[in-house]
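Throughout, read-outs are computed from the coordinates displayed, never taken from laboratory work. Predicted, not measured: the structure shown is a model, and the values here were computed from it. Quick reminder, even Gly has a Cβ in these numbers, built from the backbone with ideal geometry, and neighbours come from all protein chains shown.
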Amino acid sequence: MVSRVIPVEPFELVIFGGTGDLARRKVLPGLFRRFCAGQMPKDARVIGSARTELDRNGFRKMVADSIKEFGGKELASQAELPEFLECLDYVATDARGDKGWAELSAMVRKELVNAFYFSVAPSLFGDIAERLKRHDLADDTSRIVVEKPFGRDLASAEELNATLAKHFKEKQIYRIDHYLGKETVQNLMALRFGNVMFEPLWNGKYIDHIQITVAETVAVGSRGAYYDKSGAMRDMVQNHLMQLLCLIAMEPPAQFAPDAVRDEKLKVIRALQPVQPHEIVRGQYEAKDGQPGYREEAENPRSFTESFIAMKTHISNFRWAGVPFYLRTGKRMATRASEIAVVFKALPHSIFEDNEPDRNVLSIQLQPNEGITMDMTIKEPGPGGMRLVNVPLDMTFAEALGPDAEEVPDAYERLIMDVIRGNQTLFMRGDEVEAAWTWTDPIIEGWTARNDVPKPYEPGSMGPLDAHALMRRDDRNWREVKG
Ligand code: NAP
């Protein structure tokens, strides 16, 4: 298979927060991978910026070290590294002061595609946006990239949107949710809208329920005090799980075009029903084997913040009436795995005596390995009579497309290339974010008003027992997700 990597046009990308964790861990190693793949052209430039005083060579060394640390030895030993480092520059700026802005403005080649990555705390978004305009760095064709958290409730998200809207039009704003950049998530759209056989079954007549699990084994660790102000609902459900739910539930858009897709996602969010208290289970991991528990890491012995949440929700529309969506996510769980499972209904009648076929399950795995499988019932081979077995039909693209298939790019790499191409399909629109908070806020307000105390759970488990009871009450079970 001939590689289908098409280089993007030359660009200037300024990374504010260029010395920070996200830039070093994800953005810069990701750009290097795109450079090696031939997608980032040699005359593109990436300019790091932060308050730290560094010269060009100091930044290049920092990036080379980060590629080694976070991209792995193999990536760091690629012959293209010196050429990539040549594309890097650095200007120290203060988002809240005048330092460096004139120099940065003189450096940026304004005739190229200009993108500005705000890899900084959201409290700096307004300052940077205002200075980009004041110093004539950005015009109506520039793009800005912003990260989560996009607000902590509806009011703060509206304020953030309004701040950015003072300086940039919606079509210039790229709100990253890196889950949308995952290959399998996009494949879900290809599967649903590029094949004839799924869409007729994609509704409450054939689908019993949907499960979305995002399980992490890591603890909150040194981020404890910060995490304690958000919790799993704000940190994961309002954004990542919500986006996955939208892609599963949305109607087919008229075109695969940014606003057509985002309009359909928005309709899903607006159709989400309020969640009742008995449909929510919140948890906090306990201490175990000398490892601190959540409250110790959060340095808050009376913390009511959840490190785990499981919930059931419904979408009030024709397609999904009566189909529960079960969501769960947490820290310090048994395995690191993210999966969306579409569990189909049982057959109306089995013709095989004593041999009930299992239900069909379409399982979309997002991490650690990306892939899609469909559990199907077939006859066990051999002469032993009509014995049925459940086997996964594997739709993992890397295997299906063979050894020449392009290496699956990391979500960040893909999304940054989309920014340069000017394609907003996989980015959240401002109204989507606000709608997600509109649904989230009353849920959080509800448990706050009830003084709900999260249930303790054992680290290395799949959350509190109540989370299992939530499913069992409905005569269902969580799937065993594999890391
Ligand atoms: P971080 O490691 O604390 O980095 C913050 C960056 O901002 C540093 O480069 C810092 O450099 C710069 N900075 C701080 N104050 C500044 C100012 N007044 N003017 C100019 N630069 C300033 O944070 P991070 O983890 O990279 O996160 C960045 C953003 O991405 C945050 O909004 C975070 O929530 C979000 N995010 C991060 C991750 C992740 O994996 N890290 C994942 C998802 C979202 P100086 O101190 O040198 O100025």
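Under 5 Å between amide hydrogens, built in the peptide plane, is the criterion, and for G48 it picks out I15, D89, Y90, V91 among residues at least 5 positions away or on other chains.
Can you tell me the FRET efficiency between F344 and K288 if r is taken as the Cβ-Cβ distance and R0 is 51 Å, rounded to the nearest 0.05?
Once the sixth-power term is evaluated, E becomes 0.85.
Under Stokes-Einstein, with the Kirkwood radius over Cα pairs as Rh, the value for the range 1-160 at 10 °C and 1.306 mPa s is 97 µm²/s.
Karplus-based coupling profile of the range 168-177, in residue order and whole Hz: 9, 7, 4, 5, 9, 9, 10, 8, 7, 10, with θ = phi - 60° in 6.51 cos²θ - 1.76 cosθ + 1.60 and x standing for Gly or Pro. What the Cα atoms of the range 437-478 give is an Rg and a Dmax of 13.1, 33 Å. Would you compute the Debye intensity of the chain from its alpha-carbon atoms alone, equal scatterers and no solvent, and pass along log10 I(q)/I(0) at q = 0.12, 0.14 Å⁻¹ to two decimals? Cα-only, vacuum Debye calculation for the chain: -1.17, -1.50.
Based on the Cβ-Cβ distance from A165 to E111, what FRET efficiency comes out when R0 is 22 Å, to the nearest 0.05? So the FRET efficiency works out to roughly 0.25. Between Q78 and A449, the modelled label-to-label distance comes to 5.3 nm, taking each label 7 Å out from Cα in the direction of the beta carbon.
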